[in-house]
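In what follows, a single structure is set out as structure tokens and then discussed.
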Amino acid sequence: VAKLLAAVRIRRGYRTAQGTETVDTPNYYITQATFTDGQGGGRLCLIATDAFGLLDLWHPVEPIVWYGRSIRWLLEEICSRVGLVALDTGVTSLGITLPHFAIYPQQSGLAAVRTLLRLGQAVARASANDALAILTFPGTDATWPEIGIHG
């Protein structure tokens, strides 16, 4: 019996001139499992999602508001709500403190993470061990723009 939200890792295989080679994928998480009886013993069908899908499934039950927290801290907090780790790869703009950040029941964890990544000039990719690797957005100098009136 498959346990819902259990982690599954797929290993892709290739046959090359050097022999059989494999590549691991990030974890996928079971969201649905069905077993049907049939000739040859039956069939198990698993439907799974990746780290981004887990974040998309999570919605807070009530508004959550944070004050004076860094983008890094907020990413770690939201990822932890679904059992993920936000791996900071040294993106300096994640250290910026936001005066106010809120997430509402109609928003998913994924929507909140995407907003924080835009603010921090960063991108993310699913990586091994239940983690979301946070990387500098390609083509940016990772500096925070000054907002306000100059004169």
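The values are calculated or read from the model by the stated rules, or taken from the named source; none is laboratory data. All figures in this text were calculated on a predicted structure; none of them were measured in a lab. Positions of Cβ are generated from backbone atoms using ideal geometry, with glycine treated the same way; all protein chains shown enter the neighbour counts. These area figures cover heavy atoms from the full protein model, side chains too; ligands, DNA and RNA do not enter into them. Shrake-Rupley method; radii C 1.70, N 1.55, O 1.52, S 1.80 Å.
May I ask you to rank Ile96, Ile47 by accessible area, largest first, using a 1.4 Å probe over the protein chains only?
Sorted by accessible area, descending: Ile47, Ile96.
Working with all protein chains in place, sort Val91, Val61, Val123 by solvent-accessible area computed with a 1.4 Å probe, largest first.
Values: Val91 0, Val61 140, Val123 45 Å².
Correct descending sequence by accessible area is Val61, Val123, Val91.
With a 1.4 Å probe and all protein chains kept in place, how do Leu4, Leu84 rank by accessible area, largest first? Kindly include the intermediate steps, with their values, before the conclusion.
Details: Leu4 105, Leu84 5 Å².
Putting Leu4, Leu84 in descending order of accessible area: Leu4, Leu84.
Name the long-range amide H neighbours of Leu98: under 5 Å, sequence gap of 5 or more, or other chain; modelled H, no Pro or chain starts.
Result for Leu98 returns Arg69, Ser70, Ile71.
Assigning unit charges at the beta carbon (Lys, Arg +1; Asp, Glu -1) and nothing else, what dipole magnitude in debye, to the nearest 20, does the chain show about its Cα centre?
The dipole of the chain has a size of about 340 debye.
What accessible area, in Å² to the nearest ten, does a 1.4 Å probe give for Tyr28?
It works out to around 60 Å².
Round to the nearest 10 and give me the degree value, 0 to 90, for the angle of helix 71-80's Cα axis relative to the longest principal axis of the chain.
The angle comes out at about 30 degrees.
Can you match volume of the Cα convex hull per residue in Å³ to one of these, [x] 147; [y] 117; [z] 157, based on a calculation from the structure here?
Here volume of the Cα convex hull per residue in Å³ agrees with entry [z].
If each residue of separation counts as 0.36 nm, what is the full-extension length gain between Thr22 and Ile47 once their alpha-carbon separation is subtracted?
Working: separation 25, 0.36 × 25 = 9.00 nm, distance 2.22 nm.
Gain in length upon complete extension: 6.8 nm.
Per the helix-only calculation at 222 nm, which mean residue ellipticity applies to the chain, given -39500 (n - 2.57) for every DSSP H run of n ≥ 4 and division by its residues, nearest 500 deg cm²/dmol? Present the calculation step by step, with values, prior to reporting the outcome.
Values: 3 runs with 28 residues, N = 151.
Value at 222 nm, helices only: -5500 deg cm²/dmol.
So how much slack lies between Val85 and Ala7, counting 0.36 nm per residue of separation and subtracting their Cα-Cα distance, in nm?
Values: separation 78, 0.36 × 78 = 28.08 nm, distance 1.42 nm.
Between Val85 and Ala7, full extension yields an extra 26.7 nm.
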